[in-house]
């Protein structure tokens, strides 16, 4: 069953994009694609090159690193955001537990939006810095 929330509303909840304006989020949403995947489908495979991130609009998925389950993500979560930003290797495998509707954000399209709205880069950097600080605090105290 599809959610009643719009992709823009989900993007606003994603920490990476949470400081972006509604206008900026609208540009990201327009540059993204909506897709459906059935239960059991692999969204991301650990170790492969990546250039997209996926925002779950409905459904749930399991995240595994080195074959070990590390999380279950639900509608509103983003996966693959590191590879979206640096086009590096995927750090985990993500598999749909249920049928999922996803918003696919491609690096090329996101960077085109950032080129159009350069101030968005500052917002994304600040969000990444916050995430790094949170991880640092959790790991080192």
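The values are calculated or read from the model by the stated rules, or taken from the named source; none is laboratory data. Predicted model only: the values in this text are computed from it and were never measured. In this analysis, Cβ positions are derived from the backbone assuming ideal geometry, glycine residues included, and neighbour counts consider all displayed protein chains.
The residues of segment 96-141 that are in a loop (DSSP other than H, G, I, E, B) and surrounded by 11 or more Cβ atoms within 10 Å (Cβ to Cβ), listed by number, are 97, 98, 99, 117.
Of all residues in segment 28-58, those being farther than 25 Å from residue 99 by Cβ and at pLDDT below 95 number 1.
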